[in-house]
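Following: one structure in structure tokens, then a few remarks.
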Amino acid sequence: MSSTDTAWFTRDRFGLFVHWGLYSLAARHEWVQSREKLTDEQYRPYFDHFEADRYDPVAWARAAKAAGMRYVVLTTKHHDGFCLWDSDLTEFKVTNTPHGEDVVGPFAEACRAEGLKVGFYHSLIDWHHPSFPVDGTHPRRDDAEHIAATADADIADYRRYLHGQVRELLTRYGTVDYLFFDFSYAGREEWWGGKGPDDWDSKALLELVRELQPEILVNDRTGVPGDFITPEQYQPSGPMTADGVPVVWEACQTLDGSWGYDRDNLDRKSPELLIRMLVDGVSKDGNLLLNVGPTGRGEFSPEASATLAELGRWMDRHERSIRGCGPAEFTAPADCRFTQRGDRLYLHLFAWPLHHVHLPGLAGRVSYAQLLTDASEIQQVRTDPGAVAQNTRMSGQPAGTLTLRLPTRRPDTPVPVIELFLN
């Protein structure tokens, strides 16, 4: 990992990922061109009809901020090669569609106006570029005639294009705080002809990035170490390490299993599950980058907007158990997670127990406890460890255990939080 300052990143903890492009019109997953093996001609109708008359980056930024997010990451180019800015290096760009205007500039301005950090996603893969050699991810991977016709595709030519586009993105839009490259896949069994850091010249690419934006945070997907690592579509079982050393990490997650707008996908995660994922990540010293795929017209779907609003309602009351927090020095009981910031310990209750919760190692360590929803006191119970259970009297807990007495009714919130003030 690099020596770049990650303090803002590990403080803010929660960001919005936005996957948007031509695939949003197909509305059948962002890999639709590869999945359905569409030629450029078959994919062209989405380019010809990309109008995005509802695109409102201010609304995006405000929705992210209201949800409790503090940085936003936009797909400047996905694997299909379509660019959301007015690149000088290709005609396959948003300014040549009916939309006719750069998308990236207004996005960056809207984020900054709301006090949000600006992030760019950029695919290392490009199925549209003629010098990108066909491989197992490519839409034409089973087209022997096309493979033969493009056999002399020169990855070096594509590499110059890749570096040139990154230079454009990092010199035209002011300070860029975050860069998510996607992805290296040399040696992956499921794809023949996979490409990696030698193909991208990742060392020179990262040197270019650092030269142009010295404070930027860059992920690990160029195939060489970056500033943070990026588990995708799963929750790590604990704090993440590399060679036994803790590393900065961020789980990137979807609302429904697809990154791009997927109209008929009903596999949506509940707001409660997403809140639990956020809490779980912070308890393991990680961030959550949660994705929304806007529609082809450029707006968040009603379902995505409703989910973000629910997350925002929880964050409005419980933000201080997330922002600036990390793992605790104590072990949480079953169905709970601890986060900690200084002398404040936060107990997140994924399940609401009857009357009592027992916290090992915290006896005598807590001066005061309260529900974070309304600052109502939670009483501490002191029991004799040797006490024997009898009728309505519970037995003693192991020495060093703090017992909290909870109300019978859980607070009306997806994940209740108790704030513990440590001595």
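The values are calculated or read from the model by the stated rules, or taken from the named source; none is laboratory data. This one's a predicted model, so the numbers in the text were calculated from it and none came from an experiment. Using ideal geometry, Cβ is built from the backbone for each residue, glycine included, and neighbour counts are taken over all protein chains shown. In case anyone asks, the SASA skips ligands and DNA or RNA and just uses the protein heavy atoms, side chains included. Shrake-Rupley method; radii C 1.70, N 1.55, O 1.52, S 1.80 Å.
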State all residues of segment 311-324 that are open to solvent by less than 70 Å² (accessible area, probe 1.4 Å) and either closer than 27 Å to residue 256 by Cα or acidic (Asp, Glu) (or both); if no residue qualifies, say none. 311, 312, 314, 315, 318, 319, 321, 322, 323
Helices (runs of 4 or more DSSP H) fully within segment 1-42 counting 1 or more residues that are of a type in the set (Gly, Ala, Ser) and in contact with a Pro (Cβ under 8 Å, 6 or more places away or on another chain): 23-26, 32-35
Just one of 137, 171 is in contact (Cβ under 8 Å) with a residue 40 or more places away in the chain, open to solvent by 50 Å² or more (accessible area, probe 1.4 Å) and among the β-branched types (Val, Ile, Thr); which is it? 171
Against the condition among the small types (Gly, Ala, Ser) and free of Cβ contacts under 8 Å to residues at least 40 places away in the same chain, how does residue 304 come out, does it pass? no
Is it true that residue 70 is out of contact with any Leu (no Cβ under 9 Å at 6 or more places or on another chain) and at pLDDT 95 or above? no
Could you say which residue among 273, 288 is at negative phi and in contact with a strand residue (DSSP E or B) (Cβ under 9 Å, 6 or more places away or on another chain)? 288
Taking the conditions exactly as written (farther than 30 Å from residue 70 by Cβ, at pLDDT 95 or above and assigned to a loop (DSSP other than H, G, I, E, B)), does residue 128 satisfy them or not? yes
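Output the residues belonging to segment 364-375 that are aliphatic (A, V, I, L, M) and surrounded by fewer than 16 Cβ atoms within 10 Å (Cβ to Cβ).
375
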Could you tell me which numbered condition residue 296 fails, if it satisfies all but one of (1) open to solvent by 20 Å² or more (accessible area, probe 1.4 Å); (2) out of contact with any strand residue (DSSP E or B) (no Cβ under 9 Å at 6 or more places or on another chain); (3) part of a loop (DSSP other than H, G, I, E, B)? (1)
Considering only segment 233-247, state which residues are in contact with a strand residue (DSSP E or B) (Cβ under 9 Å, 6 or more places away or on another chain) and closer than 27 Å to residue 269 by Cβ. 233, 234, 235, 236, 239, 240, 247
Could you list, in sequence order, all residues of segment 71-93 that are open to solvent by 60 Å² or more (accessible area, probe 1.4 Å) and touching a residue at least 40 places away in the same chain (Cβ under 8 Å)? 88, 89
Write out, first by first residue and then by second, each pair whose Cβ atoms fall under 6 Å of each other, whose residues are 6+ apart or on separate chains, and whose first residue, in segment 229-247, is among the hydrophobic types (A, V, I, L, M, F, W, C) while the second is at pLDDT below 95 and open to solvent by 30 Å² or more (accessible area, probe 1.4 Å). 247/1
Scan segment 190-221 for residues that are on the phi > 0 side of the Ramachandran plot and surrounded by fewer than 17 Cβ atoms within 10 Å (Cβ to Cβ) and jot them down. 193
Considering 161, 185, which residue is open to solvent by less than 60 Å² (accessible area, probe 1.4 Å) and either under 23 Å from the mean Cα position of the chain (by Cα) or charged (D, E, K, R) (or both)? 185
From the list 362, 404, 354, which one is out of contact with any helix residue (DSSP H, G or I) (no Cβ under 8 Å at 6 or more places or on another chain), assigned to a strand (DSSP E or B) and either farther than 16 Å from residue 333 by Cβ or not basic (Lys, Arg) (or both)? 404
Total residues in segment 260-278, condition open to solvent by less than 30 Å² (accessible area, probe 1.4 Å) and in contact with a Phe, Trp or Tyr (Cβ under 7 Å, 6 or more places away or on another chain): 3
Total residues in segment 376-423, condition open to solvent by less than 50 Å² (accessible area, probe 1.4 Å), touching a residue at least 60 places away in the same chain (Cβ under 8 Å) and either of a type outside the set (Val, Ile, Thr) or on the phi > 0 side of the Ramachandran plot (or both): 6
Residues in segment 113-126: is at least one open to solvent by 20 Å² or more (accessible area, probe 1.4 Å) and over 22 Å from the mean Cα position of the chain (by Cα)? no
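Each row is one residue, and each column tells you yes or no for (1) under 30 Å from residue 70 (Cβ atoms); (2) among the aromatic types (Phe, Trp, Tyr).
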residue: 136; (1), (2): no, no
residue: 144; (1), (2): no, no
residue: 150; (1), (2): no, no
residue: 167; (1), (2): yes, no
residue: 171; (1), (2): yes, no
residue: 187; (1), (2): no, no
residue: 200; (1), (2): yes, yes
Can you find, within segment 335-363, the residue that is nearest to residue 398 (Cα to Cα) among those that are touching a residue at least 12 places away in the same chain (Cβ under 8 Å) and open to solvent by 60 Å² or more (accessible area, probe 1.4 Å)? 360
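Out of 15, 21, which single residue is within 30 Å of residue 131 (Cβ to Cβ) and buried (at least 22 other Cβ atoms within 10 Å of the Cβ)?
Exactly one of 15, 21 is within 30 Å of residue 131 (Cβ to Cβ) and buried (at least 22 other Cβ atoms within 10 Å of the Cβ), namely 21.
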